[in-house]
Amino acid sequence: MSDAISPAYGLWSLVVLNSVVFIAFAFSFAKPMTSRDWRSFGMFSAFIVALFVEMYGFPVTIYLLSGWLAHRYPEVDFLTHDAGHLLETLFGWRANPHFGPFHVVSFVLIGGGFWVLARAWPILYRAQQADRPAVEGLYARIRHPQYVGFVLILLGFLLQWPTLLTIVMFPILVFMYWRLALTEEREARHRFGEVYERYARQTPAFVPRSWFSRAGPQGG
């Protein structure tokens, strides 16, 4: 059995390399500054590490589900790396899983999430430097694009390589990002008063009314 799994798992150098690359990439966009920023980024980083530990290190989920998987899919060798893309396997995708529908959607979500972070950060930074709320660009569409970006990335990775731990972590992270957003809004209302109240009434929190509608309030 060890010979079968050694090419696919136990690759701890890949765990470290991929974790560092994706966390550093996200850091270059998110640039956490406050303690709240660091908490949200830390939660994101924990998810990424847990993901790559199972992807290249030790497949805990596959071992825990091995009896059910072997009975349900006797023709699949779940100790190969390709079989670790469980959604493609469970839904009957028998070709290369890297070209499967879930994998393709995951790339779109991950790329979209990093795009949102890259577009949102400069706007937020300029607003913080000017001591005003961020209300232009993506912030004219939704009030919390930075958290939306993180959730899109996490959802993309979850579709690509679902594990029991990350399935449990994902809703917890979404809830924590929601709580952080509420805390930020309370502070913004206290700090900016009617300016932020008017902005919040006109702008959805997380889901834009339409990406193609006329931009919302500009300036601060």
(message) Nearest 500 deg cm²/dmol is fine: what mean residue ellipticity at 222 nm does the chain get from its DSSP H runs of n ≥ 4 alone, each adding -39,500 (n - 2.57), divided by its residue count?
(response) -20500 deg cm²/dmol
(message) If you consider only alpha-carbon coordinates, what radius of gyration and Dmax does segment 69-168 have, in Å?
(response) 18.6, 62
(request) Could you work out how far apart the two model spin labels at SER13 and GLU187 are, taking each label as a point 7 Å from the Cα in the direction of the beta carbon, and quote it in nm? (result) 4.2
(message) Using the Cα centre of segment 143-214 as the reference point, and only Cβ charges (+1 on K/R, -1 on D/E), how large is the resulting charge dipole? Debye, rounded to the nearest 20.
(response) 240
(message) How much length would be gained if the chain were fully extended between ARG132 and VAL105, taking 0.36 nm per residue of separation minus their Cα-Cα distance, in nm to one decimal?
(response) 6.1 nm
(message) Please report the spacing between the Cα centers of segment 73-87 and segment 178-197 in Å, no decimals.
(response) 47
(request) Name the most mobile residue of SER45, SER106, SER210, meaning the one with the largest mean-square fluctuation, in a Gaussian network model of the chain with Cα contacts below 10 Å. (result) SER210
(request) Report, in debye and to the nearest 20, how large the dipole of the chain comes out about its Cα centre when Lys and Arg carry +1 and Asp and Glu carry -1 on their Cβ. (result) 1080
(message) If I take every Cα pair under 8 Å that is 6 or more residues apart in the chain, average their sequence separation and divide by the length, what percent do I get for the relative contact order?
(response) 23
(message) Give me a comma-separated list of calculated 3J(HN,Hα) values for segment 33-47, in order, Karplus coefficients 6.51, -1.76, 1.60 applied at θ = phi - 60°, integers in Hz, x for any Gly or Pro.
(response) 10, 8, 4, 5, 4, 5, 5, 5, 5, x, 5, 4, 5, 4, 4
(message) At 1.002 mPa s and 20 °C, plugging the Kirkwood radius over alpha-carbon pairs of the chain into Stokes-Einstein gives what diffusion coefficient in µm²/s?
(response) 112
(request) Taking only Cα atoms and a 10 Å spring cutoff, compute GNM fluctuations for the chain and point out the largest among HIS190, HIS85, HIS103. (result) HIS190
(request) May I ask you to derive the FRET efficiency for ILE172 and ASN96 from their Cβ-Cβ distance with R0 = 45 Å, giving the value to the nearest 0.05? (result) 0.90
(message) Between THR34, THR183, THR89, where does the largest GNM mean-square fluctuation fall for the chain, given springs only between Cα atoms within less than 10 Å?
(response) THR34
(message) Accessible area of segment 104-220 with a 1.4 Å probe: how many percent of it is carbon plus sulfur?
(response) 65
(message) Rolling a 1.4 Å sphere over the protein heavy atoms, what is the accessible area per residue of the chain, to the nearest Å²?
(response) 53
(request) Go through segment 134-148 residue by residue and turn each phi into a ³J(HN,Hα) via Karplus (6.51, -1.76, 1.60, θ = phi - 60°); whole Hz please, and just put x for glycine and proline. (result) 7, 9, 9, x, 4, 5, 7, 9, 9, 7, 9, x, 5, 6, 4
(message) What is the angle, in °, between the Cα long axis of helix 101-129 and the longest principal axis of the Cα atoms in the chain? Nearest 10 is fine, range 0 to 90.
(response) 30
(request) Just the ratio, please: alpha-carbon radius of gyration of segment 144-201 over 2.2 N^0.38 Å, N its number of residues. (result) 1.44
(request) Specify which residue in the list TYR196, PRO122, LEU86 is farthest towards the positive end of the charge dipole of the chain, using unit charges on the beta carbon of Lys, Arg (+1) and Asp, Glu (-1), about the Cα centre. (result) TYR196
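The values are calculated or read from the model by the stated rules, or taken from the named source; none is laboratory data. Keep in mind it's a predicted model, so treat the numbers as computed, not measured. As a convention, Cβ positions derive from the backbone with ideal geometry for all residues, glycine included, and neighbour counts pool all protein chains shown. Keep in mind that these areas ignore ligands, DNA and RNA; they rest on the heavy atoms of the full protein, side chains included. Shrake-Rupley method; radii C 1.70, N 1.55, O 1.52, S 1.80 Å.
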